[in-house]
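A single structure is presented below for examination.
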Amino acid sequence: MESLTSTIQAVPLNHYIFLSAIIFSIGVMGVLLRRNAIVIFMSVELMLNSVNLLLTAFSVYRGDAAGQVFVFFIMALAAAEVAVGLAIIVMIYRNTNSIDINVLNRLKW
Amino acid sequence: MSTFYFIAFLSIFFSILVISAKNPVHSILYLVITFFTFTVHYILLNAQFLAVVNFIVYMGAILVLFLYTLMLINLNKEAEPVKPFMVKISAVFGGGILAVALISSLKSLGVSDPVVLKNPNLGLVKNLGKVLFNEFLLPFEISSVLLLSAMVGAVLLATKEKETKATI
């Protein structure tokens, strides 16, 4: 493990921030781009994961374990969110026979 | 060092494939690969506990939940309706603007110190458990209540309500 962790010694913190920003933007793009509700959920998962990676990188950078504990809580929250959200999607599919989010435009204006 | 850039390239590549795949099943499988690259990132940062939890919770539990839901919902009847071309262009443009704004503003911040692991057993289970059960004991218990309420809510939402419809 020592040889493995020595491979990251030279990666600047900037590059972790850039990677997380790019993946977060890809998640935002997916939310704007797709109409399938499940794919939108997956884009939200992508955004949550990019934030997790950034928290871990800062935790290692500062030598503080609290950041990794936050990531643990975010994972618990993501599990709860996915369970409730997918239940809502199943309910919507049962009522409208599609998971196109443009069907749900009654609260739009 | 080059390992990080290779894995970062794979993360970005597969996350672009997630949002651009036509078939939702393919996009879930690409998401599995993306989460695997995140696990490799955690291992490179020596956050071993997070790597294992990411592997089990995200790739094991959450994505299986996605796949099951997708199998419950029969999507084979009609394909996903495509958005107009202008809406697609503006969505990509908006996401790109967000990325450029974030990166350029963070570039001017100038935090380019290398990430150096000072404490080698920072991300091990022993160290994290001590922090979790001393300082973060109350949030830990509250998260158990959150998971319980999410479970009850999911069961309540996903069951068919025949009796209530009969009374109405």
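Being under 15 Å from the mean Cα position of the chain (by Cα), touching a residue at least 12 places away in the same chain (Cβ under 8 Å) and open to solvent by 40 Å² or more (accessible area, probe 1.4 Å) is the filter here, so list the residues in the range B:41-58 that pass it.
Result: B:55, single match.
Confirm whether residue B:96 is modelled with pLDDT of 85 or more, open to solvent by less than 70 Å² (accessible area, probe 1.4 Å) and closer than 21 Å to residue A:49 by Cα.
yes
Any residue in the range B:105-119 that is over 30 Å from residue A:80 (Cα atoms), part of a helix (DSSP H, G or I) and at pLDDT 85 or above?
Checking the range B:105-119: at least one residue is over 30 Å from residue A:80 (Cα atoms), part of a helix (DSSP H, G or I) and at pLDDT 85 or above.
Can you spot a residue in the range A:92-107 that is in contact with a Ser or Thr (Cβ under 9 Å, 6 or more places away or on another chain), touching a residue at least 12 places away in the same chain (Cβ under 8 Å) and closer than 25 Å to residue B:155 by Cβ?
yes
Further, regarding this structure: Given (1) closer than 16 Å to residue A:59 by Cα; (2) within 9 Å of chain A (Cβ to nearest Cβ); (3) touching a helix residue (DSSP H, G or I) at 6+ places or on another chain (Cβ under 6 Å), where does residue B:125 come up short, assuming only one miss?
(2)
Looking only at residues that are at pLDDT below 90, at the interface with chain A (Cβ under 7 Å from one of its Cβ atoms) and open to solvent by 20 Å² or more (accessible area, probe 1.4 Å) in the range B:1-25, which one is farthest from residue A:45 (Cα to Cα)?
B:1
If you take the residues in the range A:33-43 that are touching a residue at least 24 places away in the same chain (Cβ under 8 Å) and among the β-branched types (Val, Ile, Thr), which one is nearest to the other protein chains (Cβ to nearest Cβ)?
A:38
What do you reckon, is residue A:89 under 19 Å from the mean Cα position of the chain (by Cα) and either at pLDDT 85 or above or among the hydrophobic types (A, V, I, L, M, F, W, C) (or both)?
Judged against the criteria, residue A:89 is a match.
The values are calculated or read from the model by the stated rules, or taken from the named source; none is laboratory data. If you're wondering where the values come from, they're calculated on a predicted model, not measured in any experiment. Cβ atoms come from the backbone with ideal geometry, glycine included; neighbour counts cover every protein chain shown. Protein only, heavy atoms only, side chains kept; ligands, DNA and RNA dropped before computing areas. Shrake-Rupley method; radii C 1.70, N 1.55, O 1.52, S 1.80 Å.
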